[in-house]
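First comes the structure, then the notes that go with it.
The values are calculated or read from the model by the stated rules, or taken from the named source; none is laboratory data. Please read all numbers here as calculations on a predicted model, not as lab measurements. With ideal geometry, Cβ positions are generated from the backbone for all residues, glycine too; neighbour counts draw on all protein chains shown. For accessibility, only protein heavy atoms count, side chains too; no ligands or nucleic acids. Shrake-Rupley method; radii C 1.70, N 1.55, O 1.52, S 1.80 Å.
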Amino acid sequence: MLGFAERTVTAADGTAVVVVTPRGELDLAAIASLDSALRSALATAGTQPRLVIDLSDVDVLQPVTLGVLLDARRRCRAGDGGLALVVSTPGVAATLSETDVDSLFDVTTGLPAALQRLSNR
């Protein structure tokens, strides 16, 4: 079952970072929900958005959903912010690698590292 959690945490430099944690399968059926959750998170993040998408609880990441992740990245960068992905499962890492988008994202294996990377922006 697909679900999303959103929370705001404080990075080491004192800035607010919105963390979105999808759960379940990110597939064709999840695109609209994922897009809505990320747009909501970006609205919460404000004018210089810093966003972490924690994919640790994602069972399946189908390539069809990558456009939504790339759009969120584009929006963060347009606002002079940043986006990091937390990827801790081999299947999700493989999907990012096989589609050659892993190099477009700041990918970490845990939330503390993601927050640290966004602190350095």
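Below, the figures for the structure above:
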item: Built amide H within the under 5 Å cut-off of Val58, gap 5+; result: Gly24
item: Estimated FRET transfer efficiency (Thr44, Ala94; beta-carbon r; R0 35 Å; 0.05); result: 0.70
item: Simple spin-label estimate for Ala29 and Gln116 in nanometres, 7 Å along Cα-Cβ; result: 3.9 nm
item: Rg/Rh ratio calculated on Cα atoms of the stretch 1-106 (Kirkwood radius); result: 0.94
item: Solvent-accessible heavy-atom area per residue, rounded to whole Å², over the chain at 1.4 Å; result: 48 Å²
item: For the chain, calculated [θ]222 nm from helices alone, where every DSSP H run of n ≥ 4 adds -39500 (n - 2.57); result: -11500 deg cm²/dmol
item: HN-Hα J in Hz across the stretch 103-118 - Karplus 6.51, -1.76, 1.60, θ = phi - 60°, x for Gly and Pro; result: 6, 7, 10, 8, 9, 10, 9, x, 4, x, 5, 5, 5, 4, 5, 6
item: Relative contact order %, the chain, counting alpha carbon pairs below 8 Å whose residues are six or more apart; result: 25 percent
item: Using alpha-carbon coordinates, inclination of helix 31-45 to the longest axis of the chain, degrees; result: 10 degrees
item: Distance between the stretch 95-121 and the stretch 1-70 - C-alpha centres, whole angstrom; result: 13 Å
item: Crossing angle, helix 66-78 versus the chain [Cα axis fit, 0-90 degrees, rounded to tens]; result: 10 degrees
